[in-house]
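Read the structure below first, then the notes.
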Amino acid sequence: MDLGISGRRAAVAAASRGLGYATAAALADEGVHVALCSRDAGAIANAADSIGHDAVPLTADVSTANGARGFVDAARDALGGIDILVTNAGGPPPGDFSSTRVDQYLAALELNCLSVIAMCDAAVPAMREQRWGRVVAITSIAVRQPIPQLILSNTARAGATGFLKTLAREVAGDGVTVNSLQPGMHDTERVRQLGHGSVDGIPARMLGRPEDFGAIAAFVSSEHARFLTGTAIPVDGGAYAGLL
């Protein structure tokens, strides 16, 4: 299927590996001009070389609102504009209520909520002016079903989801769609570090493949998805058991 986005321009955050990398690669394979970032200059250069298609590596730290905005500004300068924004960031440290200090929530909110808001604030106004845009936020299935020992991530990503839903309704009439993807357990370094590599509880009986996640992200960014907005889509092999 031709997704109708060849020649579009995408900024993909935190994309040196994992789901961010897979999303950037999937978009590039569709003919999208991609700029991607990481805090590690060497890692993001290697990722861009691996993706090919003249992908642009940028060194940026999106763990703060200022860094997140700086990434979008740099991507716009490199690409001449942004049609597709993929927000993404690493996760905060694990912990439960008893082991987590109040001040740790501030850093988690900046990492996984305020960074999303800042990237959208930097990218969406121009999308509205050109009457076409796609925002795809990589969050977590924890928004629907909190994951034990990840209280910081559960809290911050839920806040980002509320912002994204509100934004989606505000900009839909301008040709801009805003959706989030909620990954469950995928075969990534983050999942392995957390010790969540078991397939127990996953009806598909496998960890997700990052490239399959990237394909879904590319479709949500596509011309065909013009009527899809305000959604939060689980990508988890059926692990989430709720009806809504």
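Observations on the structure shown:
- Residues of segment 61-79 classified as touching a residue at least 40 places away in the same chain (Cβ under 8 Å) and either in a loop (DSSP other than H, G, I, E, B) or farther than 17 Å from ASP121 by Cα (or both), total: 5
Each row is one residue, and each column tells you yes or no for (1) surrounded by fewer than 16 Cβ atoms within 10 Å (Cβ to Cβ); (2) modelled with pLDDT of 95 or more; (3) under 18 Å from LEU194 (Cβ atoms).
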residue	(1), (2), (3)
VAL62	no, yes, no
ALA68	no, yes, no
PHE71	no, yes, no
GLY80	yes, yes, no
VAL86	no, yes, no
ALA89	no, yes, yes
PRO93	yes, no, yes
VAL102	yes, yes, no
TYR105	yes, yes, no
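- Selection count, segment 163-190, where residues are closer than 12 Å to ALA232 by Cβ and either charged (D, E, K, R) or out of contact with any helix residue (DSSP H, G or I) (no Cβ under 9 Å at 6 or more places or on another chain) (or both): 2
- Note on segment 168-190: among residues that are touching a residue at least 60 places away in the same chain (Cβ under 8 Å) and not in a loop (DSSP other than H, G, I, E, B), the one that is nearest to GLU223 (Cα to Cα) is ALA168.
- Sub-6 Å Cβ pairs linking a first residue in segment 46-57 that is closer than 16 Å to ARG9 by Cβ to a second residue that is part of a strand (DSSP E or B), at least 6 apart or interchain, are ALA48/PRO57; ALA55/VAL34; VAL56/ALA35, ordered by first then second residue.
- Test: residue in segment 46-53 that is surrounded by 24 or more Cβ atoms within 10 Å (Cβ to Cβ), hydrophobic (A, V, I, L, M, F, W, C) and over 16 Å from the mean Cα position of the chain (by Cα): yes
- Lone unmet requirement of (1) at pLDDT below 95; (2) of a type in the set (A, V, I, L, M); (3) part of a helix (DSSP H, G or I) for VAL116: (1)
- When segment 193-240 is filtered for residues that are aromatic (Phe, Trp, Tyr), under 17 Å from the mean Cα position of the chain (by Cα) and within 19 Å of GLY175 (Cβ to Cβ), only PHE219 remains.
- Pairs, first within 11 Å of ALA239 (Cβ to Cβ) in segment 191-204, second acidic (Asp, Glu) and part of a loop (DSSP other than H, G, I, E, B), C-beta under 8 Å, six or more apart: ILE202/ASP236
- Residue count for segment 93-128, restricted to those that are free of Cβ contacts under 8 Å to residues at least 24 places away in the same chain, farther than 21 Å from ARG39 by Cα and not hydroxyl-bearing (Ser, Thr, Tyr): 4.
- Of everything listed in (1) of a type outside the set (Asp, Glu); (2) in contact with a helix residue (DSSP H, G or I) (Cβ under 9 Å, 6 or more places away or on another chain); (3) more than 28 Å from VAL102 (Cβ to Cβ); (4) crowded, with 17+ Cβ neighbours inside 10 Å, the single unmet condition for VAL220 is (2).
- Residue match in segment 80-100 (condition: in a helix (DSSP H, G or I) and hydrophobic (A, V, I, L, M, F, W, C)): no
- Meets criteria (in a loop (DSSP other than H, G, I, E, B) and crowded, with 23+ Cβ neighbours inside 10 Å) for ALA14: yes
- The set of residues in segment 224-244 that are assigned to a loop (DSSP other than H, G, I, E, B), surrounded by 12 or more Cβ atoms within 10 Å (Cβ to Cβ) and touching a residue at least 40 places away in the same chain (Cβ under 8 Å) comprises ARG226, LEU228, THR229, GLY230, THR231, ASP236, GLY237, ALA239, TYR240.
The values are calculated or read from the model by the stated rules, or taken from the named source; none is laboratory data. Nothing here was measured: the structure is a model prediction, and the numbers come from that model. A quick note on method: Cβ atoms are made from the backbone with ideal geometry, for glycine too, and the neighbour counts reach across all protein chains shown.
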